Amino acid sequence: MAEFTMLAGDKDWWRQAVIYQIYPRSFADGNGDGIGDLKGIISKVPYLKSLGLDAIWLSPFYPSALADGGYDVDDYRNVDPRIGTLEEFDVMVQELHKVGIRVIVDIVPNHSGSNHEWFQAALKAGPGSPERDRYIFRDGKGANGEIRPSELASHFGPTAWTRVTEPDGKPGQWYMHLFASEQPDFNWDNPEVREDFVKTLRFWSDRGVDGYRIDVAHALVKDLKNGHLPERQSFDLSVMKNNGEDDLFDRDEVHEIYAEWRKVFNEYNPPRVAVAEAWVHANRRPAYASTEGLGQSFNFDMLGAGWDAKKVRKIADYNLKAAKASGSSTTWVLSNHDIIRHATRFGLPNGTDFGQWYAKNRFNPKVDEKLGLDRARAMTMLLLALPGSTYLYQGEELGLQEALEIPAELMQDPQFFRNPELGLSRDGCRVPLPWNRTGSSFGFGTNGSHLPQPEWYGNVSVEAQDGVHGSTLELYRELMALRRSLETTEEFSWVNHILSPTTLHFKRPNGWQSITNFGTKSIKLPKGKVLATSKALVQGKLPQNATAWIQA
Ligand code: NOJ
Ligand code: CA
């Protein structure tokens with residue numbers, strides 16, 4: 001194996017890092033087959049460097065049948081041949097490390113893909129075999145086992161049980177899958193499963209990977225004792241227990257797994273880091289973020305804040321306090337590959353049920369794109385000024401709106417197929433990036449893109465914004481550079497504007513201040529040097545839907 005460069009050892013690099021999520025199939029296509037790949041990422045290292053990032057997070061790039069965009073992993077220690085090779089992966093890590101960017105990869109431990117060799121072996125081996133024990137196989141109910149073992153829905157609807165055909169050709173047992181049927185859930189009571197994931201974490205850590213994003217980190221351990229099987233129709237947080245005794249999610253025992261992983265992470269220098277994707281009650285997040293566990297846990301609260309000063313302040317306060325109490329730092333997120341892009345969300349009235357809006361009629365109400373972008377830029381500035389790490393999603397630096405025009409026959413999201421009457425899909429935020437104004441797939445590759453790009457994509461491409469003062473791309477670059485020069489400690493305090501509750505103003509180290517105008521009238525800026533604004537000042541005042549950074 002080649003020598004792997006690591007970045008010099010600040011073990012706390014992640015605490016206030018800016019991490020940029022790459023959805024590999026949709027970032028850049030290096031070989032012209034319409035699918036983004038590692039070669040494409042390598043070719044864009046100068047671009048990533050120009051953004052001033054601390055790290056990238058790569059969504060799954062492993063061999064996969066792509067039943068769920070790669071979150072159905074068929075081999076955890078390899079690269080999908082459509083995306084590249086392990087050698088290219090090593091080159092990518094080295095090139096990124098050379099420019100000071102660390103690499104976080106996605107680990108998907110709740111389920112494998114159904115083409116994983118273990119699942120295929122389980123199908124062949126038959127009921128009661130050790131191969132089946134690595135997954136959750138159960139006999140059905142009814143005279144011939146024809147009724148599913150429990151009333152458990154899948155996240156993508158409708159049921160979480162699929163019946164298999166046994167090696168003798170007869171209909172047989174059922175297996176559990178919380179997501180698509182191509183994503184069988186592992187049985188985490190099986191020691192082989194535990195050992196295999198430790199092996200995977202060492203495999204990537206040895207190759208120089210700096211950290212991990214843990215997919216559905218709260219689901220691994222389920223209560224399956226004495227024949228018990230969870231039953232549930234809704235995955236709403238309101239039906240999940242918040243005391244560690246829920247039979248499906250966030251059980252206390254899951255932390256035994258992460259304690260073991262932490263020991264592995266700490267074998268490395270600097271220690272590898274991890275962030276949990278755990279949709280749990282807020283009071284349960286600190287356990288995932290503990291220094292004996294994964295170390296950090298996503299806070300997705302801003303997704304529900306809308307454009308509302310009071311809510312934003314409450315969420316900031318809660319999460320900064322909670323992170324401090326657990327010894328971790330919090331995370332800020334406005335977009336990722338699972339949600340409607342925030343420039344679009346902010347262009348819809350506060351309180352919109354985005355799922356419903358998308359499913360029913362994406363053009364009514366029509367997105368106010370200008371308002372959406374103004375607010376998106378202002379919120380990004382606000383979050384980038386808070387202590388904690390900020391996760392950006394590819395394309396948000398271009399101010400991209402959701403692609404709403406994808407025809408049903410070109411959709412790829414299993415959520416769309418498994419529940420067609422709902423009409424939900426995450427494909428609109430997964431459309432390949434526009435690099436150029438014109439040309440095949442706007443410079444994404446030389447030969448089309450696996451999801452159709454809207455016509456207007458060229459106007460917001462990297463080429464169209466590069467070097468253009470005031471463009472969203474240049475704003476992001478400016479903010480990242482400023483943040484890097486100003487953010488030394490995690491110091492933070494509010495400046496209260498009692499007469500103007502729609503103003504959010506706070507102080508950070510080195511005289512740095514951030515002020516956001518959620519109101520309808522322009523406001524006066526505090527004294528100091530104006531470092532950056534998300535919108536041009538009007539007669540020296542900060543207009544509505546805007547943020548300014550000041551140095552006092
Ligand atoms: C969360 C991922 O972000 C999402 O894209 C995926 O569908 C599910 N986990 C299942 O792996
Ligand atoms: Ca390709």
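Key figures
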{"quantity": "Signed unit charges on C-beta, dipole axis of the stretch 83-229, positive-most listed residue HIS228, ALA217, THR162", "calculated": "HIS228"}
{"quantity": "Only Lys, Arg (+1) and Asp, Glu (-1) charged, at Cβ; the stretch 117-176 dipole about Cα centre in debye", "calculated": "80 debye"}
{"quantity": "Percent RCO, i.e. relative contact order, over the chain, from Cα pairs under 8 Å lying at least 6 residues apart", "calculated": "13 percent"}
{"quantity": "PHE186 long-range amide H proximity, modeled H, under 5 Å", "calculated": "HIS111, SER112"}
{"quantity": "Extreme residue, positive dipole direction of the chain, given options ILE83, ILE42, ALA323 (C-beta unit charges)", "calculated": "ALA323"}
{"quantity": "Two-decimal Rg to Rh for the stretch 491-551 - Kirkwood Rh, Cα set", "calculated": "0.93"}
{"quantity": "Protection-proxy order for peptides 202-212, 329-339, each taking the mean of Cβ atoms within 10 Å per residue, highest first", "calculated": "329-339, 202-212"}
{"quantity": "Packing-based order for 467-473, 108-114, 170-176, using average beta carbon neighbours within 10 Å, highest first", "calculated": "108-114, 170-176, 467-473"}
{"quantity": "Gain on full stretching of the segment that runs from ARG437 to GLU231 - 0.36 nm per residue minus C-alpha separation", "calculated": "69.1 nm"}
{"quantity": "Whole-number accessible area per residue in Å² for the chain, which is evaluated in the context of all protein chains at 1.4 Å", "calculated": "39 Å²"}
{"quantity": "Accessible carbon and sulfur surface of the stretch 491-551 relative to its total accessible area, %, 1.4 Å", "calculated": "54 percent"}
{"quantity": "Two-site FRET efficiency, PHE354 against LYS241, from Cβ-Cβ distance with R₀ of 25 Å, rounded to 0.05", "calculated": "0.40"}
{"quantity": "Rounded to 5, percent antiparallel among DSSP beta bridges of the stretch 1-115", "calculated": "10 percent"}
{"quantity": "Local electrostatic count, ASN319, Cβ distance below 12 Å [Lys/Arg +1, Asp/Glu -1]", "calculated": "+3"}
{"quantity": "Charge-dipole axis of the stretch 321-437 as Lys and Arg at +1 and Asp and Glu at -1 on Cβ define it, positive-most pick from ALA343, MET411, LEU384", "calculated": "LEU384"}
{"quantity": "Two-site label geometry, ARG202 and LYS124: point separation in nm, points 7 Å out along Cα→Cβ", "calculated": "2.7 nm"}
{"quantity": "Long-range HN-HN contacts of ARG102 with modeled amide H, under 5 Å", "calculated": "ALA55, ILE56"}
{"quantity": "Contour excess over end-to-end distance, with Cα ends at THR520 and ASN364 and 0.36 nm allotted per residue", "calculated": "53.7 nm"}
{"quantity": "Share of carbon and sulfur in the accessible heavy-atom surface of the stretch 126-196 [1.4 Å probe, %]", "calculated": "50 percent"}
{"quantity": "Accessible-area composition of the stretch 302-450, carbon plus sulfur, in percent [1.4 Å probe]", "calculated": "55 percent"}
{"quantity": "Base-10 log of normalised Debye intensity for the stretch 117-176 (one unit scatterer per alpha-carbon) at q = 0.12, 0.29 Å⁻¹", "calculated": "-0.27, -1.22"}
{"quantity": "Cβ-placed point charges (K, R +1; D, E -1), dipole of the chain about Cα centre in debye, nearest 20", "calculated": "2540 debye"}
{"quantity": "Whole-number percent relative contact order across the stretch 305-405, with pairs defined as alpha carbons under 8 Å at least 6 apart", "calculated": "37 percent"}
{"quantity": "Kirkwood hydrodynamic radius (C-alpha pairs) into Stokes-Einstein, the chain, 25 °C and 0.890 mPa s, D in µm²/s", "calculated": "100 µm²/s"}
{"quantity": "Highest to lowest packing among 286-293, 383-390, 416-423, scored as the average C-beta count within 10 Å", "calculated": "383-390, 286-293, 416-423"}
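The values are calculated or read from the model by the stated rules, or taken from the named source; none is laboratory data. On a predicted model such as this, the values are computed, not experimentally measured, just so you know. Reconstructed Cβ throughout: ideal geometry from the backbone, glycine too, with neighbour counts over all protein chains shown. Please note that ligands, DNA and RNA were not included when accessible areas were found on the heavy atoms of the full protein model with its side chains. Shrake-Rupley method; radii C 1.70, N 1.55, O 1.52, S 1.80 Å.
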